[in-house]
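The values are calculated or read from the model by the stated rules, or taken from the named source; none is laboratory data. Quick caveat: nothing in here was measured; it's all calculated off a predicted structure. Cβ: placed from backbone, ideal geometry, glycine included. Neighbour counts: every protein chain shown. Accessible surface is based on the protein model in full, side chains and every heavy atom, while ligands, DNA and RNA are left aside. Shrake-Rupley method; radii C 1.70, N 1.55, O 1.52, S 1.80 Å.
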Amino acid sequence: MAETLRRVLSSGSAAGTGEGNTTEVGPPLLLLGGPGSGKTALLFASALEAAGEGRGPVLFLTRRPLQSLPRGTRAPLEPLRLQKIRFQYPPSTRELLRFLCSAHEARGPVPSLLLLDGLEEYLAEDPGTQEAAYLAALLLDTAAHFSQVGPGGGCGLIVALQTQEGDSGDALQLALLQRYFPAQCWLQPDALGPGEHCLRACLEPGGRGPRAEWWVAFRPDGEMTITPCPHQPSNPSSDKGSSSGGQP
């Protein structure tokens with residue numbers, strides 16, 4: 001089961017249980033959680049996982065440059081992996097849309113994984129569902145283009161979205177985004193899990209397998225460990241409360 005989540009991280013979706021070292025790119029993944037739930041750390045871990053697979057580079061989009069590497073990463077010890085992560089910082093929704101629309105003109109190796117951190121910051125500029133639908137569709141189109149022109153293996157897509165408590169507008173946006181992202185992974189910090197910095201990841205793989213939950217722990221030495229949760233509730237939102245942002 002831990003290997004399944006590692007495939008999720010490196011391919012951008014629930015990738016099934018394929019044999020060998022081939023990474024299957026499945027449906028796009030929406031990474032969800034409240035403030036401080038570990039979205040950026042796990043997103044960066046996914047970039048490192050994919051960068052170490054011998055595939056194409058990783059394209060990491062975020063509104064503001066990272067001031068420091070996310071806690072728990074071993075990036076300082078992996079310079080070759082870091083070199084394969086290409087950071088872009090569109091400062092506004094307009095610039096993000098412009099960047100995605102021109103992605104087919106970019107030169108150089110085709111990305112094997114497309115990551116977007118902080119989708120809620122871009123959606124906040126225009127909270128309507130029309131803008132959310134357009135941006136989601138453009139992200140999917142960009143990943144599909146990279147998959148078509150890449151040397152093989154396809155391009156995965158992971159988008160991180162911060163959920164808020166008790167906001168009906170956010171719930172409406174989330175319901176719409178879930179139509180574009182059939183696979184979702186909900187994150188919740190949990191002090192009861194193994195490790196000093198631990199979160200619980202609940203994966204809904206979008207029809208490509210059963211729901212599953214893991215402890216994801218970041219050790220002081222930077223190692224990320226993944227272990228199955230011993231108890232998995234029947235409802236993935238049962239322990240998330242209203243912070244799930246209206247998850248059905």
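Somewhere in segment 57-71, is a residue touching a strand residue (DSSP E or B) at 6+ places or on another chain (Cβ under 8 Å) and at pLDDT below 80?
Yes, segment 57-71 contains a residue that is touching a strand residue (DSSP E or B) at 6+ places or on another chain (Cβ under 8 Å) and at pLDDT below 80.
Return the total of residues in segment 75-98 being in contact with a strand residue (DSSP E or B) (Cβ under 8 Å, 6 or more places away or on another chain) and either open to solvent by less than 80 Å² (accessible area, probe 1.4 Å) or at pLDDT below 90 (or both). Write out each step before concluding.
Our first condition is that a residue be in contact with a strand residue (DSSP E or B) (Cβ under 8 Å, 6 or more places away or on another chain); within segment 75-98, this holds for 84-90, 96.
Retained after the next criterion (residues that are either open to solvent by less than 80 Å² (accessible area, probe 1.4 Å) or at pLDDT below 90 (or both)): 84-88, 90, 96.
Final tally of qualifying residues: 7.
Quick one: how many residues across segment 191-207 are at pLDDT 70 or above and surrounded by fewer than 19 Cβ atoms within 10 Å (Cβ to Cβ)? Walk me through it before giving the result.
Of all residues in segment 191-207, those at pLDDT 70 or above come to 197-207.
This time we only want the ones that are surrounded by fewer than 19 Cβ atoms within 10 Å (Cβ to Cβ), so: 197, 206-207.
Within segment 191-207, residues that are at pLDDT 70 or above and surrounded by fewer than 19 Cβ atoms within 10 Å (Cβ to Cβ) number 3.
Okay, residues lined up against (1) under 27 Å from GLU95 (Cα atoms); (2) in a helix (DSSP H, G or I); (3) modelled with pLDDT of 85 or more:
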| site | (1), (2), (3) |
| --- | --- |
| ARG6 | no, yes, no |
| GLY20 | no, no, no |
| GLY26 | no, no, no |
| LEU30 | yes, no, yes |
| GLU49 | no, yes, no |
| GLY54 | no, no, no |
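Quickly run through segment 103-141 and pick out the residues that are open to solvent by 60 Å² or more (accessible area, probe 1.4 Å) and either part of a loop (DSSP other than H, G, I, E, B) or under 26 Å from GLU53 (Cα atoms) (or both).
Of everything in segment 103-141, those that are open to solvent by 60 Å² or more (accessible area, probe 1.4 Å) and either part of a loop (DSSP other than H, G, I, E, B) or under 26 Å from GLU53 (Cα atoms) (or both) turn out to be HIS104, GLU105, ALA106, ARG107, PRO109, ALA124, GLU125, ASP126, PRO127, ASP141.
Are any of the residues in segment 142-162 surrounded by 13 or more Cβ atoms within 10 Å (Cβ to Cβ), among the polar types (S, T, N, Q), within 15 Å of LEU177 (Cα to Cα) and in contact with a strand residue (DSSP E or B) (Cβ under 9 Å, 6 or more places away or on another chain)?
yes
Go through (1) at pLDDT below 75; (2) open to solvent by 10 Å² or more (accessible area, probe 1.4 Å); (3) on the phi > 0 side of the Ramachandran plot for PRO220 and report which single condition fails.
Failed condition: (3).
Looking at segment 33-44, can you tell me whether even one residue there is under 15 Å from PHE218 (Cβ atoms), in a loop (DSSP other than H, G, I, E, B) and at pLDDT below 65?
No; the residues of segment 33-44 include none that is under 15 Å from PHE218 (Cβ atoms), in a loop (DSSP other than H, G, I, E, B) and at pLDDT below 65.
Could you give me the residue pairs with C-beta distances under 8 Å whose first residue belongs to segment 86-107 and is at negative phi and free of Cβ contacts under 8 Å to residues at least 12 places away in the same chain, whose second residue is surrounded by 12 or more Cβ atoms within 10 Å (Cβ to Cβ) and not in a strand (DSSP E or B) wherever it lies, and which are 6+ apart or on separate chains?
ARG98/PRO90
Within segment 172-187, does at least one residue satisfy the condition of being in contact with a Pro (Cβ under 7 Å, 6 or more places away or on another chain), part of a loop (DSSP other than H, G, I, E, B) and open to solvent by 20 Å² or more (accessible area, probe 1.4 Å)?
yes
Go through the residues of segment 156-171 one by one and say whether even a single one is over 19 Å from the mean Cα position of the chain (by Cα) and without any contact (Cβ under 8 Å) to a residue 40 or more places away in the chain.
no
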